[in-house]
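Worksheet: the structure to be examined is printed underneath.
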Amino acid sequence: MRIPFGWLQNFVKLDISPQEACEQLIMLGFSDAEVIPNEWDCLDNFVVGRATKVESHPGDDHLKIVDVNLGYTTLKSVCGAPNVVTGGAYAVALPGAKLGSGQTVSRAEISGVVSECVLCSGWEAWLDDSRDSLLELDKDLVPGTRLIEALGLDEPVIEVEVTPNRGDCLGLVGIARELAAVFGKELIIPEPAPKYGSKRIEDLVDVEIHDEDACPRYGAMVLEKVSVRPSRATLRAQLRLAGLRAVNNVVDAANLVMFETGHPLHAFDLDKIEEAHVIVRRAAEGEKIVGIDGAQYSLGPEDLVIADPSKPIAIAGVIGGENSEVTSTTRRILIEGAFFKKSVIWRMSKRLAIDSEAAYRFARGVDIEAIPYVLAQAAELIQDETSCDVCRGRIDVYPGQRPPRYVTARPKRINRLLGTAIPDQEICDYLERLGFGVSPGRDLEVAVPTRRGDVESEVDIAEEVARLYGYDRIRAAEERACSAHGKVSSSLATQSRLRTLLAGMGLTEVVTDSMVSPEVLNLFGMLPSQAVDIRNPVGVGASVLRTGLVPGIVEVLVKNEHRGEESIAVFEIGKIYDRNNANFCEKYRVGLGLSGLNEPRIWCCNARQFDFFDLKGMVEALLRQFGLEAAFVPGGPEFLHLGRKALLRGIEGNELGFVGEILPDLCGRYGSRRRLYVAELEFEPFLESISVISKVSERPKYPGVKRDIAVIVSKTVLDSDVRRIILEEGGDLVESLETFDVYEGKPVPENHKSLAYAIVFRDRSRTLKEVEVDEIQKRIEKRINEELKGTLRKE
Amino acid sequence: MDLQSEAARIREAAAKAIKTCKSIDDVDAVRVKYIGRRGELTLLLRKLGEVSPGQRKEVGKMLNAIKDEISSLLAERRKEIETALKDETLRKETIDVTLPGRRVRIGKLHPTLRILNEIIDVFVGLGFTAVEGPEIETEYNNFDALNFPPWHPSRDDFDSFYVGDGYVLRTHTSPAQVRVMKSQEPPVRVVVPGRCYRRDTPDASHLMSFFQIEGLYVDHDVSLADLKGTLAIFAREIFGPETKIRFRPHYFPFTEPSAELDISCLVCGGAGCRLCKQSGWLEVLGCGMVHPNVFKHVGYDHKAVTGFAFGLGVERIAMLKYGISDIRTLYENDLKILNSL
Ligand SMILES: [Zn+2]
């Protein structure tokens, strides 16, 4: 909302600077109030000039040669406009001035005559779009006066954001009321007094409302003998200050009244309304109307229209119809001042994508009781501008007159809510200044003005009081903030611990999109039927919620590879989603990804490529830190390399996640030239284990027996198969077991490998004898022999 | 030549020889030459018998003193040479200590989540318990229970993502207020962090998905002054002890009175600069007193309790703290940037 500061003073006399007004407005709840930078540097070389002589151009019938008196001198101008006359005052652009059309003024010869300055149209004088005729200025202006002064443009303009609940402040009067209240000044409301003619409106038009819910009040006035033409220059300048577009004197006047009061008005050409009969009704399915913007709109039963007996003539509160538009030939007009339901207007404007000034205001609420006032105001202004006849009386269809609304407010309660001690009298005073009626007592009965639809209960009253008292005067009470004890949920605590550990392992945390493309999920075979679709996505790129973290991780790996990153190690703790019919499920997962060198190239180390076991090692470290046990079983999702993937199984056989290398084909599709390693783990097991505390174990008292065993088995035998046998045979006596060597090649036979294990056997209750260990080793050897067709390697 | 002058000559010669020793072998050789079993001084000592008994004791004492002297000179020299040898061994092991050390790789936490956790820590310190809520929310919790009128713009398809009848990707963390209050009686003091979604066109300050943290405190006689106090502490903890706050009236459907919190500009401290658009203030969060209608929806007695709520965009705070001007920078997952923050 633009607030021309001088114009504002018509409604409240302020003795503060525009900057001070901004600060006050901010503290009243109008965010970002600021004085906008001077917009009128472009008019530096424009002055008022009087045409003292107008002659035809000898060489060109369409042109005239005009002597332009500028007070201090007289210049010649060659001009093609139809409306230049002797004695007329015009906007003159002097040499050096840049015109709204983009040209720069200089002395020029036009068909053999020297033109020293330019007489301007509204367009050329940066005012509006009017190009066909010269901007006519008030003849009383002193030639040589600067144009911005002559037009009244030389005033600061404040721009503020008005929150959607404050429709009453979408007019200058509303803003003035707020400032008047905060400074205890008088609010000046002009009394409109159009001069009525003899004709009575009842004899001229009928109005019917078919949907009183959507349109509870419809008022109208009729003006006759209107002559429609461009508005006076000063009026057009005012519109420009208000940020509105000039159309003609009727529409402009209606818009000015809207700008001041906040209440939109619409002017119809009465002669284009069939039978002069106005009906407010819902549109029929598929009913069409062409708006004054020239676009055709297709309507439906949820839309509200203003119609005559045969056709819609406007989309109520949103945009007028071309078929009833006020044009230069219009003689009789009907001005509409109505109240439409906020939600109806909002939906229409959104659905039809029409962002009009009227719809903006109706959607935020206007004052239903102000209709007679704004109509009279508009009639007076249009009469001033067009010297028309104003018909006596007013149509006012207002079936459901509402009683005034009262809210009970308890000063004590308000002070408790605000943490203040504002005296009762001061509270009453604040409310009265804002135009609320207050009947005093222990509890206040507050009459809410109809314009303040946002005030419904005591807390709303409290906010009004707080605003005028000043939010900045409310104390910051810190004592209570420090009086309690807080904690973090176990889920958040688990996430924190995981994140710290993963970062400690050298992985960098990333956050990827949770809304992803189905195509990408499909690439990974991760688009199950129970994926959660977004019904109204922005493009297909983000139309389904992710079902796994790997696609996002892969994208990060590849993007960073393409950015030239040699060594990439990342993780993400994020949610995945699915649905079971109407039940939605979302849960955290932990994703890890590695690609490129295992460390940045540096003088002292031979960097190598990351491999499967780097990632597996990290996963194992995580599990160890949380005291989780899991087995890695060959296998895993289809998007992983068939020989390089493992599923994690918990002790109960539950799946905990997977680790593996992305299929080379898939890497190729992403344009990666590397091997990419990813892991995705369930979050739940970590969460469950975080509260488990392991007890300290006693230092062993008895010596252990160390054995190194090497076995030769077929290449297809798994390390885990051998370990299983060792553990089963050793039982509780196996204190530790490490695979310390894997070897293929001579002297190991072809298609075979040697696996070497370092085992510590220990009995915690006595000294273990060598022979007992020999016994165990024999059993291990036997089973390896029988079950794995392997042999123990003799040193 | 008498024994004494011969001994003195040996002493001189030995001392001189010891000085020129370059190695342990040299030292041993000198030792053998003078005080070894056939050393010159040893041989001289054997001639002591030839000395007259009157002088024998005195001469013997002198010769032994010289022997001791040579011994200790030898020991000293041996030690010197040994030390020099050790130093030489170490010197050979000299390394270039200016070469970089082996890189210990430590990852980084994502800036948004790092800030989020800092904020959680501050509020936990102020007695708030941190919990989470679902991202797929009911329209009821996201809007209705929070006093959004049925026609409110943000319910629109243009502004919110819908995933099913009555289900929406939460547009703010505020529905968690509803869940918490429905599940426990007052007093309630929680913060709820999490991801939220809005149908914004991504630009330098908007994303379709972002992180928020919600705060809620409901008890007897909680006031706007308490809210202001809590947020004043928050602002000092997160932005530094000099930070000043400003409360401005604002509008949210689920709070009344509502406010926006500004902090004094981090760059200019309030004098006015480009970051704060010359105002001296930076907008940080929205807050207010819980609307009685919200209490009604969750079944609290709105006559008995009052409460405050606040919600803040985590990215905004991260951007202010790290000097990031385009919010999208945070989610490009560019390791160069993430590892530098
Ligand atoms: Zn600043």
Q | Rg ratio (alpha-carbon, reference 2.2 N^0.38 Å) - segment A:650-706 | A | 1.98
Q) Cα convex hull of segment A:196-397: mean projected area in nm², to one decimal? A) 9.8
Q | Fraction of beta bridges assigned by DSSP in segment A:1-82 that are antiparallel (%, nearest 5) | A | 100
Q: Could you check how many percent of all C-alpha pairs in segment B:36-77 are farther apart than 12 Å?
A: 61
Q.
I need A:Val305, A:Val678 ordered by Cβ neighbour count within 10 Å, fewest first.
A. A:Val305, A:Val678
Q) Listed here are the pairs A:Lys199/A:Lys272; B:Lys19/B:Lys61; B:Lys22/B:Lys61; which of them are more than 21 Å apart at the Cα? A) B:Lys19/B:Lys61; B:Lys22/B:Lys61
Q: Keeping to pairs on different chains or 8 or more places apart, tell me how many lysine pairs in segment A:41-151 have Cα atoms under 18 Å apart.
A: 4
Q | Per-selection Rg to Rh, segment A:405-472 - Cα, Kirkwood hydrodynamic radius | A | 0.91
Q) For A:Lys350, B:Lys182, A:Lys139, what ranking results if the residue with the fewest other Cβ atoms within 10 Å of its Cβ goes first? A) A:Lys139, B:Lys182, A:Lys350
Q) Share of Cα-Cα pairs in segment A:297-448 beyond 23 Å, in percent? A) 57
**Q.** Ellipsoid equivalent to segment B:3-92 - semi-axes via the Cα gyration tensor, in Å
**A.** 32, 10, 9
Q. Exactly which trypsin sites (Lys or Arg not before Pro) in segment B:225-291 are in a DSSP loop and have at most 11 other Cβ atoms within 10 Å?
A. B:Arg274
Q. Pairing the Cα long axis of helix A:770-788 with the longest principal axis of chain A, what angle in degrees results, from 0 to 90 and rounded to the nearest 10?
A. 70
Q: Just tell me which aspartates and glutamates come within less than 14 Å, Cα to Cα, of B:Lys321; anything on the same chain fewer than 8 places away is out.
A: B:Glu118, B:Glu237, B:Glu283
Q: Would you order A:Trp346, A:Trp7 from fewest to most other beta-carbon atoms within 10 Å of each residue's own beta-carbon?
A: A:Trp7, A:Trp346
Q: For every other residue with a beta carbon closer than 13 angstrom to the beta carbon of A:Asp269, add +1 if it is Lys or Arg and -1 if Asp or Glu, then tell me the sum.
A: -4
Q. Along the charge dipole of the protein assembly as shown, which of B:Asn147, A:Val558, B:Ile24 sits closest to the positive end, that is, farthest toward it, with unit charges on the beta carbon of Lys, Arg, Asp and Glu (+1, +1, -1, -1)?
A. B:Ile24
Q. After finding the eigenvalues of the alpha carbon gyration tensor for segment A:705-793, what semi-axes result from the square roots of 5 times each, listed largest first in whole Å?
A. 24, 12, 11
Q | Taking the C-alpha atoms of segment A:260-301, convex hull volume expressed per residue in Å³ | A | 127
Q.
Give the lysines reachable from A:Lys616 as a straight Cα distance under 26 Å; neighbours fewer than 8 places away on the same chain don't count.
A. A:Lys559, A:Lys575, A:Lys587, A:Lys645, A:Lys715, A:Lys753, B:Lys108, B:Lys336
**Q.** Cubic angstrom per residue, convex hull over Cα atoms of segment A:490-689
**A.** 131
Q) Per-residue mean of other chain beta-carbon atoms within 10 angstrom of the beta-carbon, peptide A:499-511? A) 6
Q: Once you have the Kirkwood Rh of segment B:1-156 from its Cα pairs, apply Stokes-Einstein at 25 °C and 0.890 mPa s and quote D in µm²/s.
A: 101
Q) Which of the listed residues, A:Pro143, B:Val51, A:Thr104, is farthest toward the dipole's positive end in the protein assembly as shown, when Lys, Arg count +1 and Asp, Glu count -1 at the beta-carbon? A) B:Val51
Q: Positive end of the charge dipole of chain A (Lys, Arg +1 and Asp, Glu -1 on Cβ, about the Cα centre): tell me which of A:Pro528, A:Ile651, A:Ile474 has its Cα farthest that way.
A: A:Ile651
Q) What span do the alpha-carbon atoms of segment B:260-313 cover on each of the three principal axes, reported in whole Å from largest to smallest? A) 47, 18, 12
(Q) So for segment B:111-340, considering every pair of alpha-carbon atoms, how many percent are separated by more than 25 Å? (A) 41
Q. Which value, in debye to the nearest 20, describes the size of the charge dipole of segment B:3-92 about its Cα centre when Lys and Arg Cβ atoms bear +1, Asp and Glu Cβ atoms bear -1, and nothing else is charged?
A. 140
(Q) I want to verify the translational diffusion coefficient of chain A in µm²/s; compute it with Stokes-Einstein, Rh as the Kirkwood radius over Cα pairs, at 20 °C and 1.002 mPa s. (A) 61
Q. What base-10 log of the normalised intensity I(q)/I(0) is obtained for segment B:109-203 from the Debye formula, alpha carbons as equal point scatterers, at q = 0.12, 0.20 Å⁻¹?
A. -0.44, -1.03
(Q) If you build the convex hull over the alpha carbons only and average its shadow over all orientations, what do you get for segment A:41-151? Give it in nm² to one decimal. (A) 6.1
Q. With the calculation restricted to Cα positions, what are the radius of gyration and Dmax of segment B:232-341 in angstrom?
A. 17.2, 54
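No value in this document is a laboratory result; all are computed from the given coordinates. Note that the coordinates shown come from a computational prediction; the quantities given were computed from them, not determined experimentally. As a convention, Cβ positions derive from the backbone with ideal geometry for all residues, glycine included, and neighbour counts pool all protein chains shown.
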